[in-house]
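The values are calculated or read from the model by the stated rules, or taken from the named source; none is laboratory data. The model shown is predicted, which means the values in this text are computed figures rather than measured ones. FYI the Cβ positions are ideal-geometry reconstructions off the backbone, even for glycines, and counts take in every protein chain you see.
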Amino acid sequence: MAVRAEPRAADAARAALDAAVAHLRSLQDPQGWWKGELQTNVTMDAEDLLLRQFLGVRTPELTDRSARWIRSQQRADGTWANFYGGPPDLSTTVEAYIALRLAGDPIDASHMARARSYILDSGGVEHTRVFTKLWLALFGLWDWDALPALPPEVILLPPWVPLNIYDFACWARQTVVALTVVGAHRPNRGFPVAIDEIFTGRPAPEPPASPWLRRLDRILHAYERRPLRRLRRASLRRAGEWIVRRQEADGSWGGIQPPWVYSMIALDLLGYPLDHPVMAAAFDGLERFTIHEDGMRRLEACQSPVWDTALAVIALSDAGVAPDDPALVAAGRWLVGEEVRVRGDWAVRRPHLEPGGWAFEFANDNYPDIDDTAEVVLALERVDVDAAAAIERGVRWTVGMQSGDGGWGAFDADNTRTIVRDLPFCDFGEVIDPPSADVTAHVVEMLAARGLAAEEPARRGVAWLLDAQERDGSWFGRWGANHVYGTGAAVPALVRAGLDPAHPAIRRAVAWLEEHQNPDGGWGEDLRSYKDPAWIGRGASTASQTAWALLALLDAGEGSDAVERGVGFLAATQTPEGTWDEPYFTGTGFPGDFYINYHLYRLVFPVMALGRYLRRTA
């Protein structure tokens, strides 16, 4: 359905699109891929210093550069947040404070005094999350007995037993296995400075958990005092082997920071010397995840070249770039070369499924993911490269990873045992991987593009999406902020799978988007919406979120004033370089706890939206 636009509006959109396409092209690597920075919070940098202190490899030069970055992210009130413009976070502020004390910042410095005042007013170290206290326990700054028990014997539980390691999402699973080793050793390597000034001396609150899990924790603590020696040795040996087998080719574990650093600590405790090939590769990989700039040093929690490249290809195609364009051909060939052909942990639940699909990282063969696979297939469909066999394998693998309820999670099938969330140490971040609206929508859209919309997997996915729609007409966004992201994914998927744009579900979604458009014409949703419903659909306008809303409205056939105003916002806020400023975080790692600013989102999604808008107004 074509829509009419004012000539001047169309001209502004065309100019913005041309500038954005030129800028996006300029960012492509000669090998064919794109990769934007993944910006997170300073816990990455604080924990890197603590890791190096624990392993005895922290240097003054490295410490100084990291400390400069941590200081640069402190706000005027002395605190650190988990995302730009967010509320202060106690645990993040404590970790930053401790890292700066390690770097030599005196406690009477004004920035430290302001941080300390907030920490004490918020309950002190005693009120931090379990993972912060675990870091402190490594140095004798917190009592191991005051932490939840996590014995390494859990590695021996078969997959059908509740609370086995495969009940955890892949990112949590790798972290948990490493932490069982750490907890069994209970190291105390001492700390070169005292941090008594940020303790209140009051009792720490117990982590949230159900009564029976608290009883289980007490039983496990009792076992930890006198474990069965042969069983403990077997468990630690199995855990060590499990960790080593899952190291990726780039030296990481899962390509993400938490299992990476805890695996290094675990292997150190198991006797792996720092020059062992596994440890050396881990250090080398950390350097590749490090950004050096302006005399400072910061770490990325993860990297997203496959995801970014797939999105860039789709964006350029939407902008009218031909399938045989050298940039798209180079990207397509690179993507084909990134196909995962080995079995990972997903095969525990799907043992007879043939490998296929794509991961997020440069090297993450153990954990391909469904979301990346869907987007890569959509991208390869638009490029003149020989990808037919890889696409077929990716589609079969994706269909085989459908969960029993008809939806798709990100990395595993039927990873839905919610009891895991109630364990006492799970007070930071999602630890299971249930189906989500955004991943399910991307798969449904991919299946529709392959001509499979009428097949049972796609029909079950459509039914799942319709059931998952919120009462207000939106969809929850698991991997992006938040209802704007979920709705921006679900509407195009449903329409492309054959749902009439006049369907009540689509009309309700359109109404929700139009009701939540900002006065400046853009859309934005603050990450606080994950915890506070008052923020749902509310927040400063961003380019990426505006584009998500426009993608939904355009696929719904809208030619409304809302679309014109949204396009106008993108045209008016573009920078002279052809991109958009976006300090706000719009990516989600763990809803409510950990967020990401994907630096390429501000570019690829507006290119998609402007390209589709101009195609519809032609």
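Is it true that some residue in region 292-299 is over 16 Å from the mean Cα position of the chain (by Cα) and either without any contact (Cβ under 8 Å) to a residue 24 or more places away in the chain or over 30 Å from residue 24 (Cα atoms) (or both)?
Checked against the condition, which is being over 16 Å from the mean Cα position of the chain (by Cα) and either without any contact (Cβ under 8 Å) to a residue 24 or more places away in the chain or over 30 Å from residue 24 (Cα atoms) (or both), region 292-299 yields at least one hit.
For region 361-413, how many residues meet the condition of being of a type in the set (Gly, Ala, Ser), in contact (Cβ under 8 Å) with a residue 12 or more places away in the chain and more than 19 Å from residue 450 (Cα to Cα)?
Within region 361-413, residues that are of a type in the set (Gly, Ala, Ser), in contact (Cβ under 8 Å) with a residue 12 or more places away in the chain and more than 19 Å from residue 450 (Cα to Cα) number 5.
Return the total of residues in region 349-387 being of a type in the set (Gly, Ala, Ser), out of contact with any Ser or Thr (no Cβ under 6 Å at 6 or more places or on another chain), closer than 12 Å to residue 339 by Cα and at pLDDT 95 or above.
Qualifying residue count for the region: 3.
Name the residue, out of 557, 578, that is in contact with a Lys or Arg (Cβ under 9 Å, 6 or more places away or on another chain) and of a type outside the set (D, E, K, R).
On inspection, the qualifying residue turns out to be 557.
Working carefully through the options 46, 67, 12, find the one that is buried (at least 21 other Cβ atoms within 10 Å of the Cβ), part of a helix (DSSP H, G or I) and in contact with a Gly (Cβ under 9 Å, 6 or more places away or on another chain).
Details: 46 fails: in contact with a Gly (Cβ under 9 Å, 6 or more places away or on another chain); 12 fails: buried (at least 21 other Cβ atoms within 10 Å of the Cβ).
After applying the criteria, what remains is 67.
Residues to consider are 488, 451, 407, 429; find the one that is under 20 Å from the mean Cα position of the chain (by Cα), outside any strand (DSSP E or B), surrounded by fewer than 20 Cβ atoms within 10 Å (Cβ to Cβ) and of a type outside the set (S, T, N, Q).
One residue alone meets the criteria, 429.
Before we move on, is residue 26 over 21 Å from the mean Cα position of the chain (by Cα) and closer than 26 Å to residue 103 by Cα?
no
Scan region 486-502 for residues that are free of Cβ contacts under 8 Å to residues at least 40 places away in the same chain and among the hydrophobic types (A, V, I, L, M, F, W, C) and jot them down.
Across region 486-502, the qualifying residues are 499, 502.
I'm checking my understanding of the structure. Among residues of region 70-91 that are more than 23 Å from residue 186 (Cα to Cα), out of contact with any Pro (no Cβ under 7 Å at 6 or more places or on another chain) and among the polar types (S, T, N, Q), which one is surrounded by the fewest Cβ atoms within 10 Å (Cβ to Cβ)?
Out of the qualifying residues, it is 72.
Does residue 273 count as surrounded by fewer than 18 Cβ atoms within 10 Å (Cβ to Cβ) and out of contact with any helix residue (DSSP H, G or I) (no Cβ under 6 Å at 6 or more places or on another chain)?
When the stated conditions are applied, residue 273 passes them.
Can you pull out every residue in region 460-485 that is part of a helix (DSSP H, G or I) and without any contact (Cβ under 8 Å) to a residue 12 or more places away in the chain?
Passing the criteria: only 467.
Among the residues of region 466-485, which ones are surrounded by 24 or more Cβ atoms within 10 Å (Cβ to Cβ), over 18 Å from residue 540 (Cα atoms) and in contact with a Gly (Cβ under 6 Å, 6 or more places away or on another chain)?
Result: 475, single match.
Going by the conditions given, is residue 99 farther than 30 Å from residue 234 by Cβ, small (Gly, Ala, Ser) and touching a helix residue (DSSP H, G or I) at 6+ places or on another chain (Cβ under 8 Å)? Steps first, answer last, please.
Values: farther than 30 Å from residue 234 by Cβ: yes; small (Gly, Ala, Ser): yes; touching a helix residue (DSSP H, G or I) at 6+ places or on another chain (Cβ under 8 Å): yes.
Yes, satisfied.
From the residues in region 245-291 that are under 19 Å from residue 152 (Cβ atoms) and among the β-branched types (Val, Ile, Thr), which one is farthest from the chain's Cα centre (by Cα)?
Going through the qualifying residues, I end up with 278.
Working carefully through the options 58, 52, find the one that is over 19 Å from the mean Cα position of the chain (by Cα), in a helix (DSSP H, G or I) and not polar (S, T, N, Q).
Just one listed residue meets the conditions, 52.
What's the number of the only condition in (1) over 18 Å from the mean Cα position of the chain (by Cα); (2) crowded, with 23+ Cβ neighbours inside 10 Å that residue 304 fails to meet?
(1)
Here is a check on your reading of the model: is residue 520 within 21 Å of the chain's Cα centre (by Cα), more than 12 Å from residue 485 (Cβ to Cβ) and either at pLDDT 95 or above or not hydrophobic (A, V, I, L, M, F, W, C) (or both)?
no
Between 141, 150, which is touching a Phe, Trp or Tyr at 6+ places or on another chain (Cβ under 7 Å) and modelled with pLDDT under 95?
150
Against the condition among the hydrophobic types (A, V, I, L, M, F, W, C), in a helix (DSSP H, G or I) and more than 25 Å from residue 126 (Cβ to Cβ), how does residue 96 come out, does it pass?
Numbers: among the hydrophobic types (A, V, I, L, M, F, W, C): yes; in a helix (DSSP H, G or I): yes; more than 25 Å from residue 126 (Cβ to Cβ): no.
It is false that residue 96 is among the hydrophobic types (A, V, I, L, M, F, W, C), in a helix (DSSP H, G or I) and more than 25 Å from residue 126 (Cβ to Cβ).
Would region 503-524 turn up any residue that is touching a residue at least 60 places away in the same chain (Cβ under 8 Å) and of a type outside the set (Phe, Trp, Tyr)?
Scanning region 503-524, I find at least one residue that is touching a residue at least 60 places away in the same chain (Cβ under 8 Å) and of a type outside the set (Phe, Trp, Tyr), so the answer is yes.
Can we say residue 457 is out of contact with any Ser or Thr (no Cβ under 8 Å at 6 or more places or on another chain), in contact (Cβ under 8 Å) with a residue 24 or more places away in the chain and either buried (at least 17 other Cβ atoms within 10 Å of the Cβ) or in the same structural domain as residue 545 (by TED's automatic domain parsing) (or both)?
Taking the combined requirement at face value, the residue satisfies it.
In this structure, is residue 468 small (Gly, Ala, Ser), closer than 19 Å to residue 375 by Cα and out of contact with any strand residue (DSSP E or B) (no Cβ under 6 Å at 6 or more places or on another chain)?
no
Any residue at all in region 528-537 that is touching a Phe, Trp or Tyr at 6+ places or on another chain (Cβ under 6 Å), surrounded by fewer than 24 Cβ atoms within 10 Å (Cβ to Cβ) and in a helix (DSSP H, G or I)? So that I can check it myself, show each step before the final result.
As a first pass, look at region 528-537 and keep what is touching a Phe, Trp or Tyr at 6+ places or on another chain (Cβ under 6 Å): 528-529.
Then keep just the ones that are surrounded by fewer than 24 Cβ atoms within 10 Å (Cβ to Cβ); that gives 528-529.
So of that shortlist, the ones also in a helix (DSSP H, G or I) come out as 528-529.
The answer is yes; a qualifying residue exists.
Which is touching a Gly at 6+ places or on another chain (Cβ under 8 Å), surrounded by fewer than 17 Cβ atoms within 10 Å (Cβ to Cβ) and modelled with pLDDT of 95 or more, of 295, 320?
320
Of everything in region 566-584 that's assigned to a loop (DSSP other than H, G, I, E, B) and within 10 Å of residue 544 (Cβ to Cβ), which residue is nearest to the chain's Cα centre (by Cα)? It would help to see each step written out before you state the result.
Here is the first cut: in region 566-584, the ones assigned to a loop (DSSP other than H, G, I, E, B) are 575-579, 581-584.
Okay, now just the ones that are also within 10 Å of residue 544 (Cβ to Cβ), so 582, 584.
Numbers: 582: 18, 584: 15 Å.
My answer is 584.
Tally the residues that are over 21 Å from residue 594 (Cβ atoms), surrounded by fewer than 20 Cβ atoms within 10 Å (Cβ to Cβ) and out of contact with any Lys or Arg (no Cβ under 8 Å at 6 or more places or on another chain), restricting the search to region 113-129.
Residues flagged as over 21 Å from residue 594 (Cβ atoms), surrounded by fewer than 20 Cβ atoms within 10 Å (Cβ to Cβ) and out of contact with any Lys or Arg (no Cβ under 8 Å at 6 or more places or on another chain) within region 113-129 amount to 5.
Just to verify a result, which residue in region 573-606, among those that are in contact (Cβ under 8 Å) with a residue 60 or more places away in the chain and farther than 28 Å from residue 256 by Cα, is surrounded by the most Cβ atoms within 10 Å (Cβ to Cβ)? It would help to see each step written out before you state the result.
Filtering region 573-606 for residues in contact (Cβ under 8 Å) with a residue 60 or more places away in the chain gives 574, 577-579, 583-606.
Then keep just the ones that are farther than 28 Å from residue 256 by Cα; that gives 574, 577-578.
On the way: 574: 23, 577: 13, 578: 20.
So the residue we want is 574.
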